[in-house]
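For reference, the structure is listed below as structure tokens.
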Amino acid sequence: MKLLHSLRNAIEVGARRPLLVRRERVANIGMRKRVLFASDLHLRLHGPHHIVDGLVEIAERERPDMVLLGGDLVDSRSGIDALHSLVRKLSSVAPLGAVAGNHDRWVGVGPVRAALLAGGGRWLEDAPWFLTDDCAVYGSSDQPVQDARHHLLCTHHPGRSAMGRHFDVTFSGHLHGGQFVFYQRHGKLYPGAFLYRWNGLRFDQQDGQTLLISRGVQDTLPLRWNCPREVLIVDI
């Protein structure tokens, strides 16, 4: 019976469980700011409503200073209205910035960007954004370095290019933790880490840079094993 109970708890079909709130802290920055980071929303017709409502509920409870959305915002054009509604609600809680993911580019960045801007968000791929006078937020590792003390990057796809520059913290997604996790070692999630070295939760570099990777809010194929869907609350 214990084995059956364990198997039942490990598997999730249909993205029906509440989102996990994963808490991280990057102590070396010392800004006393809180960031809500959500990636891989994969919104479709009507959201679904429990995904949108769950994200808004977490934001209202946690009261972040900034919301970042890390791409794959929609799964199809049917999700554009749900994205606009979500961004409008989240923007009423805190300033919001977002970037595109590969699914958004398949759907068309134009309508995705337009829905986000209409909802009150910022499209970080247009230009860097100053959260404070001392903190610049980038939507691409290729954007010009700004005159700021702290530099944050919001990107969809993690990789060495994001870790090799000036960013204090990089927020990323895309990998969904592999959706099937059999074990974790040194912050990496397996078997996905055999295929991609950044398949993990957090990577801290010796030079002080930190890469945080979300396991995502939702999936195109809604099936997971030992890999909770999540939202990051990050104190910096």
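The values are calculated or read from the model by the stated rules, or taken from the named source; none is laboratory data. In this text the structure is predicted, and so the values were computed from the model without any measurement. Cβ coordinates were reconstructed from backbone atoms using ideal geometry, including for glycine residues, and neighbour counts include every protein chain displayed. Note: accessible area is taken over every heavy atom of the protein model, side chains too, but ligands, DNA and RNA are not part of it. Shrake-Rupley method; radii C 1.70, N 1.55, O 1.52, S 1.80 Å.
Which residue, of Val107, Val112, Val145, Val93, is in contact with a helix residue (DSSP H, G or I) (Cβ under 8 Å, 6 or more places away or on another chain) and either of a type in the set (Asp, Glu) or over 23 Å from Ile58 (Cβ atoms) (or both)?
Val107
Specify the residue that is surrounded by the most Cβ atoms within 10 Å (Cβ to Cβ); the eligible residues are those in the range 31-50 that are part of a loop (DSSP other than H, G, I, E, B) and touching a strand residue (DSSP E or B) at 6+ places or on another chain (Cβ under 9 Å). Here the answer is Ser39. The helices (runs of 4 or more DSSP H) located wholly in the range 77-188 that include 3 or more residues which are more than 22 Å from Leu19 (Cα to Cα) and free of Cβ contacts under 8 Å to residues at least 24 places away in the same chain occupy 109-118. His103 passes every criterion in (1) buried (at least 17 other Cβ atoms within 10 Å of the Cβ); (2) closer than 17 Å to Val67 by Cβ apart from (2).
Listed residues Leu83, Leu43, Leu69, Leu73; which is on the phi < 0 side of the Ramachandran plot, touching a Phe, Trp or Tyr at 6+ places or on another chain (Cβ under 9 Å) and not polar (S, T, N, Q)? Working first, answer last.
On the way: Leu83 fails: touching a Phe, Trp or Tyr at 6+ places or on another chain (Cβ under 9 Å); Leu43 fails: touching a Phe, Trp or Tyr at 6+ places or on another chain (Cβ under 9 Å); Leu73 fails: touching a Phe, Trp or Tyr at 6+ places or on another chain (Cβ under 9 Å).
Only one candidate qualifies: Leu69.
Looking across Tyr183, Tyr190, Tyr138, one residue alone is out of contact with any helix residue (DSSP H, G or I) (no Cβ under 9 Å at 6 or more places or on another chain), open to solvent by 10 Å² or more (accessible area, probe 1.4 Å) and at pLDDT 95 or above. It is Tyr183.
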